[in-house]
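The values are calculated or read from the model by the stated rules, or taken from the named source; none is laboratory data. Quick caveat, the model's predicted, so the values are computed rather than measured. When we count neighbours, we look across all protein chains shown, and the Cβ atoms used for this are built from the backbone with ideal geometry, even at glycine. Note: accessible area is taken over every heavy atom of the protein model, side chains too, but ligands, DNA and RNA are not part of it. Shrake-Rupley method; radii C 1.70, N 1.55, O 1.52, S 1.80 Å.
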Amino acid sequence: ENAPLLETTKPTFEHVSTKPKTVAHSFDLSETAMFLADKDDGLGDARAVMKMEMAKHHTEHINQMLLSDVQTVAGNDFESLDRITSSAFVETAASFVDVITDHNIYNLTRTTGSSQSWYDAQVDAGAAAANRSLTLNILDGMFKSVWEAGGQPKVILTGYDTLETIQQLLQPQQRFVEMKRVVPGVNGVKGVPGIQGGFMVATYNGVPIIPSKDVQKDGSSRMYFLDTDYSWFTTAKPTLYHESGIETGDPFGINRLGQMGMFHTMGELVSTFFKASGKIRDLS
């Protein structure tokens, strides 16, 4: 009664900066190679064949960037999910399997301590320097950690081997019973749900499990529990294709009698709430 008002409080804001990166892959064909391509056992339309193959290479390389190991510094490449879902508290501890020496991201320096824990993700790593078998306790524990931190996993990303292990764990107990139709989206824009626009995936706790061959392995593939409300790939410029050379009337532009093509994509992987996502690693 009649006490003075409490002192005002305010949050502490940390400035985090990054900028888009451009990833490009180019190829070229000589005039002679294009001329000979439709002769005898040639490729046919060599330019079309190379364009198709380089498009696949460009896409696959980006996928490998996004799934590279936490120890791989991004440099001119896109950041990786392994670095976003990293924790100084867990992954720098000598008692765990791998001691991570560089998992800083953007302009943040991850160090163990209460003041820095806000940009630690949820990480379940193998202790005692040994990989371990995946169990339901490990799976459910990661969900619990993400939920308690304020996140809600929207997708689980893992490799085909770990997906097989999950199926073996759950099918005997009749818990792996749900299939979900997933409609891909880009930066919040989604297609229309339906057979034409979606694909069927397995789920756990109602969360779709997406496999990829490029997920990092310790013994088995790691698992990423991603809240895509806070972690996503920002596309500054969608993948574009450029071509120049003798076939398009500009051999001077590439300074030779041939044809050059290039795919390039501009963007970056970003996260605005690290604690809302997590990973399980060191699986046997």
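One line per residue, one yes/no per condition, for (1) open to solvent by less than 50 Å² (accessible area, probe 1.4 Å); (2) modelled with pLDDT under 90; (3) part of a loop (DSSP other than H, G, I, E, B); (4) within 19 Å of Lys217 (Cβ to Cβ):
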{"site": "Asp140", "(1), (2), (3), (4)": "no, no, no, no"}
{"site": "Lys144", "(1), (2), (3), (4)": "no, no, no, no"}
{"site": "Pro153", "(1), (2), (3), (4)": "yes, no, yes, no"}
{"site": "Ile166", "(1), (2), (3), (4)": "yes, yes, no, yes"}
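Close contacts from the range 201-214, counting a first residue that is of a type in the set (D, E, K, R) and a second that is modelled with pLDDT of 90 or more, with Cβ to Cβ under 7 Å and a gap of 6+ residues or different chains, come to Lys213/Gly159; Lys213/Tyr160; Asp214/Asn63; Asp214/Gln64; Asp214/Leu67. One residue stands out in the range 197-225 among those that are among the aliphatic types (A, V, I, L, M) and either over 13 Å from the mean Cα position of the chain (by Cα) or open to solvent by less than 20 Å² (accessible area, probe 1.4 Å) (or both): the one that is modelled with the lowest pLDDT, namely Met200.
So which residues in the range 245-284 are among the acidic types (Asp, Glu) and free of Cβ contacts under 8 Å to residues at least 60 places away in the same chain, if there are any at all? Residue satisfying the conditions is Asp250 alone. Restricting attention to the range 15-31, the residues that are over 30 Å from Pro251 (Cβ atoms), touching a strand residue (DSSP E or B) at 6+ places or on another chain (Cβ under 8 Å) and open to solvent by 70 Å² or more (accessible area, probe 1.4 Å) add up to 3.
Tell me which of these Ala55 doesn't satisfy, since it passes every other one: (1) aliphatic (A, V, I, L, M); (2) surrounded by 14 or more Cβ atoms within 10 Å (Cβ to Cβ); (3) at pLDDT below 85. Among (1) aliphatic (A, V, I, L, M); (2) surrounded by 14 or more Cβ atoms within 10 Å (Cβ to Cβ); (3) at pLDDT below 85, the lone unmet condition for Ala55 is (3). Between Ala55, Ala37, Ala48, the distinction of being over 19 Å from Ile246 (Cβ atoms) and aliphatic (A, V, I, L, M) belongs to Ala55 only. The single condition from (1) within 23 Å of Ser86 (Cα to Cα); (2) in contact with an Asp or Glu (Cβ under 7 Å, 6 or more places away or on another chain) that Ser244 fails is (1). Of all the residues in the range 230-284, those that are open to solvent by 20 Å² or more (accessible area, probe 1.4 Å) and either among the polar types (S, T, N, Q) or under 17 Å from the mean Cα position of the chain (by Cα) (or both) number 17.
Kindly indicate whether any position in the range 236-246 is under 30 Å from Glu31 (Cβ atoms), modelled with pLDDT of 90 or more and among the hydrophobic types (A, V, I, L, M, F, W, C). Yes: the range 236-246 contains one or more residues that are under 30 Å from Glu31 (Cβ atoms), modelled with pLDDT of 90 or more and among the hydrophobic types (A, V, I, L, M, F, W, C). Considering the range 1-48, and only residues there that are in a loop (DSSP other than H, G, I, E, B), at pLDDT below 80 and among the aliphatic types (A, V, I, L, M), the residue that is nearest to Leu269 (Cα to Cα) turns out to be Val16.
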